[in-house]
């Protein structure tokens, strides 16, 4: 039997519309209504961070981070080449030069062993990306950052509720960012959050998020009027989006358990097949609790990867490749990127394929995908 298995479907838990209706009934559908506040409290309490601020996207949370760190022209920010463009763009918008670091061949995370050599007197920030929901080696990264007095901003778009040595990701750096895009474990369509781990930055973060005004202080009764006090923009999502998201976060354990089951089924059914055909499956170190964001494979070559994606499409199975090396992009080359700078990134980018992974993926559908992979024959 043939199934139509898309690459992604947004997570739904059932109470999203009920909460949106409650937001409408409360007649506060702009930013920072009751549901926004509930999301803030939930994440602050679960993660143990001083302040969480919902944003319109993870991109905007990253842009807020660059403003909070006073990134300026001539500053350098170390970022993996193997990431989404927002990780870099947020700092380039402030005039910074991205310095691209290669990734590890096992986890595809920032290679902490190549980090210190890239630090110069102009380095202002290091931005680790927890790829696929698996933690970077944060002990080493934080030690290097502290030695050189450089800020760490975690791009935690893939890894909400993931852990490194028992500590939640997003709680290591001075700042961290989250994504609630429809492809993420928890979604409101488009959305994000800024995690502020340094209490000294909280008030300014609120100001930047509120168009550069001290409006938050006004609503707390700390000033009798609010005014323009800093640069900023409108980074607040609608409370209707927060209502959608809150329904999902209430079911976080259920969502994560289902994703863990899907991830493990792929892993169990593909392990022997992968060994036979020289396919690399995801690596999750023993000291890491992953967030089960995706399931990917590294095929033997670009040609085999291309054939596999076309083959799966013929079986009505959606699969995709992922990031192209940012240092080899048109913009990356303007900042000095050259072929060979990040050889692991260049290699894995050509070979990586992501399999269908979403909460409503049924066991029957997943086994159909697995059976199709086992039947694939174009290995040369």
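The values are calculated or read from the model by the stated rules, or taken from the named source; none is laboratory data. A quick note: this is a predicted structure, and the numbers were derived from the prediction, not measured. Cβ atoms come from the backbone with ideal geometry, glycine included; neighbour counts cover every protein chain shown.
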Open item on the list: Condition (residue is within 20 Å of the chain's Cα centre (by Cα), surrounded by fewer than 18 Cβ atoms within 10 Å (Cβ to Cβ) and under 14 Å from residue 128 (Cα atoms)) applied to the range 95-105: is it met by at least one residue?
Closed with: no
Counting only helices (runs of 4 or more DSSP H) wholly inside the range 1-107, the ones holding at least 1 residues that are touching a residue at least 12 places away in the same chain (Cβ under 8 Å), under 24 Å from residue 334 (Cβ atoms) and not assigned by TED's automatic domain parsing to the domain that holds residue 309 are 58-68, 85-92
Subset of the range 56-78, residues surrounded by fewer than 18 Cβ atoms within 10 Å (Cβ to Cβ) and closer than 14 Å to residue 206 by Cα, comes to none
- Return yes when residue 157 is more than 22 Å from residue 52 (Cβ to Cβ) and touching a helix residue (DSSP H, G or I) at 6+ places or on another chain (Cβ under 6 Å) and no when it is not. no
The residue from 260, 243 that alone is under 22 Å from the mean Cα position of the chain (by Cα) and buried (at least 19 other Cβ atoms within 10 Å of the Cβ) is 243
Residue 219: surrounded by fewer than 17 Cβ atoms within 10 Å (Cβ to Cβ) and outside the structural domain of residue 355 (by TED's automatic domain parsing), yes or no? yes
The condition of being in the same structural domain as residue 193 (by TED's automatic domain parsing), modelled with pLDDT of 95 or more and farther than 20 Å from residue 57 by Cα holds, among 172, 180, only for 172
Picked from the range 13-55 (must be buried (at least 21 other Cβ atoms within 10 Å of the Cβ) and closer than 14 Å to residue 192 by Cα), the residue farthest from the chain's Cα centre (by Cα) is 32
Discussion item. Would you confirm, using the coordinates I've provided, whether residue 265 is touching a residue at least 24 places away in the same chain (Cβ under 8 Å) and in contact with a helix residue (DSSP H, G or I) (Cβ under 9 Å, 6 or more places away or on another chain)?
Written reply: yes
